[in-house]
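Quick notes on the structure that follows.
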Amino acid sequence: MKKISSVLAAILTLALLCGCGAAKTASAAASPTPAGAFTDALGYAVNAGSHDRVVSLYGSFAEAWMLAGGTLVGATQDAVDERGLDLGKDASIVGTVKEPNLEEVLALSPDFVILSSQIPAQVKLHQSLTDAGIPHAYFSGETFSEYLAMLKTFCGMTGRDDLYQQNGEAVKAQIDAVVKTVSDAKETPPKVLLLRAYSSGCKAKGSDSVAGAILKDLGAENLADKDGSLLEDVSLEAIIAADPDYIFVVPMGSQKSAETWLAENFQSNPAWAELSAVKSGSYAVLPKELFNYKPNAKWGESYAYLAKLLYPALADKLG
């Protein structure tokens, strides 16, 4: 009888131990990944345990961080000049987007630095920031999905899911409604030439740009995607040969200087007036705040703006 009792006790003890082990395993499996732990746009593993002193080296990302409820101790000049952000009296300017000042960044003792994966001077800072033991992450933001993913990461860090819903999911709903309206209309896809103009020239842009990504989602045929040669040489002859239904221009730098270059090099030629897009009034200079700078919470406005230009018959349905 004692032997049987001993066996039962052993079985009960083993079951209890196994149960506790299973509970611990289940608990571990259910534990969420820390909010500041993720893989960035360049494939680097990021683990930002704190975000009390954040520096952004790109104005657009500075705005996205603030849209997530975060504050900044430093940012590049474009955060003020282009985005018009109120960084607070104690925030410092740490150089420009293309020439960030690493010494000034380090002097702020940041616990998290936000950088652009598209700017070589910022990509080069990875090793220096790593050696300094400063958590940092690279983002892109060229498309809405990239912005949404970045905002989700930021809101996860700040604990502001309400701001993710407001500045992310609500914007997605706007975009989905615009895309659905266009898709349901089954309009013939228009041919579009998208130009990025400077004071000294211009280049055609494909879908790897803010406006280009939107054009693709709206069903337009971007001529630069179809003919890669336009990316290298945008001559008037090439434009005449393509004869697009629409010509959209995104100005870089001074809009007046960019428009002057276009007027002197393209529009002064009589052949320009014979283009289908010009004849139909389908030539437009797009607003920089929606198509040159990253739109962030204004992505929905950017989609609606282009959709109305491409499909004027749908304007009333697009809001």
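Here, each number is a calculation from the coordinates, and none is a lab measurement. Here the structure is a predicted model, which means the values were calculated and not measured. Glycine gets a Cβ as well: all are built from the backbone with ideal geometry, and neighbour counts include every protein chain shown.
Worth a mention:
- Of all the listed residues (L102, L67, L115), the sole one being hydrophobic (A, V, I, L, M, F, W, C), more than 21 Å from the chain's Cα centre (by Cα) and on the phi < 0 side of the Ramachandran plot is L102.
- Among the conditions (1) among the small types (G, A, S); (2) under 16 Å from the mean Cα position of the chain (by Cα); (3) within 26 Å of Y44 (Cα to Cα), G133 misses just one, which is (2).
- A315 farther than 19 Å from A197 by Cα, out of contact with any Gly (no Cβ under 6 Å at 6 or more places or on another chain), free of Cβ contacts under 8 Å to residues at least 12 places away in the same chain and part of a helix (DSSP H, G or I): yes
- Qualifying positions in region 184-194 - surrounded by fewer than 17 Cβ atoms within 10 Å (Cβ to Cβ) and within 14 Å of L306 (Cα to Cα): P189
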